[in-house]
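Here the structure comes first, spelled out in structure tokens, and everything after it is commentary.
All of the numbers you see were taken from the coordinates with simple rules; none came from a lab. The shown structure was predicted, so the numbers you read here are calculated from the model rather than taken from an experiment. As a convention, Cβ positions derive from the backbone with ideal geometry for all residues, glycine included, and neighbour counts pool all protein chains shown.
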Amino acid sequence: MLLAQPVYAADVAVEVHQVLIPATPEDKLIALTLDACSGGYDADLIQFLVDHRIPATLFVTRRWLQRQPGALAVLRAHADLFEIEDHGDRHVPAVIGAGRSVRGIAGNANANALRREVIGGALAITKATGTPPTWYRGATGEYDPGAITIINKTGFQVAGFSLNADDGATLPKKKIVQRIEHAQSGDIILAHMNRPEADTAEGLAVGLQQLLDRGFRFITLRDAQVQFTSETARRLPHRTPPEASPAAPTPAPRLIPESQSEPVAESLL
């Protein structure tokens, strides 16, 4: 008789939630993060951010970069506002194992496939911008605990969020505004910049203006101290990742193999 395989904690994907650590209790800080999985370019959203001088951390895939050279030129022209970080090579969730998937998107067959996904995106960003990324956000925002360890060892911090503004660019304007109305100091907002036909730009324009009027200041992740929420930390047992301890140094991303025993970069592409 065949017995069902047990499901261990390490095999259960965790949606990673994080918050900023304000320098003082009086700080009213928020980080806006925008994902570009593939598809289009929301020029109206980016123009709003430029016009209002709102910085944002942008997570882009290699596929999106290759398809959007015009958008890349705009982002590079405003490098003081936009930090470009790694969303992967092909937008594959950070789960490992044959047959694994998240929300219908297939995961990585093994650890080397995950490394290829992370490094492939990083190399594309470095080539396009001249600046290596240091943050990684996997497709769907869900991760195996073991995948987080691999990503950290490759030299990247995992980027979570605390406020999902647009549910993958599927929400109407009214609901986006309502979600942003609940933002608090320390929130990391997640939204999308690759679906110009969606209501994301209009919803964010209203919601972000309201936050500005309430005295919030926006920063990018490169300028932030970030920690897991207590719930996420509880679901990632026996780990002290770099992002959980702001004082802990984070190793630089390894874009070339360090040893034959752990080939994590171009040799895997």
> Which translational diffusion coefficient, to the nearest whole µm²/s, is obtained for the range 92-209 from the Stokes-Einstein equation, given a Kirkwood hydrodynamic radius over C-alpha pairs, 20 °C and 1.002 mPa s?
Replying inline: 136
>> 5 Å is the cut-off here: which amide hydrogens, built 1.01 Å from N in the peptide plane, fall below it relative to F59, excluding neighbours closer than 5 in sequence?
In response: L34, D35, A36, E85
>> I'd like the Karplus ³J(HN,Hα) series for the range 150-167: coefficients 6.51, -1.76, 1.60, θ = phi - 60°, whole numbers in Hz, and an x wherever there's a Gly or Pro.
In response: 5, 4, 4, 5, 6, x, 10, 8, 7, 9, x, 7, 10, 9, 8, 7, 9, 6
>> Taking amide H atoms as placed 1.01 Å from N in the peptide plane, list the residues 5 or more away in sequence, or in a different chain, whose amide H sits under 5 Å from that of D144.
In response: V14, V95, I96
> Taking the simple approach of a point 7 Å from Cα along Cα-to-Cβ for both R234 and D167, what is their distance in nm?
Replying inline: 2.5
>> At a 10 angstrom cut-off on C-beta neighbours, averaged per residue, how do the peptides 28-40, 133-145 rank from highest to lowest?
In response: 133-145, 28-40
>> If I stretch the segment between A106 and S185 completely, what's the gain in nm (0.36 nm per residue apart, minus their alpha carbon distance), one decimal?
In response: 24.9 nm
> Among the lysines, which fall within straight-line cross-link reach of K127, defined as a Cα-Cα distance under 25 Å, with same-chain neighbours fewer than 8 residues apart omitted?
Replying inline: K153
> If amide H atoms are built 1.01 Å from N in the plane of the peptide, which residues on other chains or at least 5 residues away come under 5 Å of the amide H of A169?
Replying inline: H192
> Is the shape of the range 13-268 rounded, prolate or oblate, going by the alpha carbon gyration tensor and its root eigenvalues a ≥ b ≥ c, with a/c under 1.5 for rounded and a/b larger than b/c for prolate?
Replying inline: prolate
>> Using the Karplus curve 6.51 cos²θ - 1.76 cosθ + 1.60 with θ = phi - 60°, what ³J(HN,Hα) values do you get for each residue of the range 190-198, in whole Hz, with x for Gly and Pro?
In response: 10, 8, 10, 10, 10, 10, x, 7, 7
>> I need the phi-derived Karplus couplings for the range 220-227: 6.51 cos²θ - 1.76 cosθ + 1.60, θ = phi - 60°, integer Hz, Gly and Pro marked x.
In response: 8, 5, 4, 9, 10, 9, 10, 9
> What FRET efficiency do you get for K153 and Q225 if R0 is 25 Å and r is their Cβ-Cβ distance, rounded to the nearest 0.05?
Replying inline: 0.70
> Where Rh is the Kirkwood radius over the Cα pairs of the range 142-226, the temperature 4 °C and the viscosity 1.567 mPa s, what D in µm²/s does Stokes-Einstein return?
Replying inline: 91
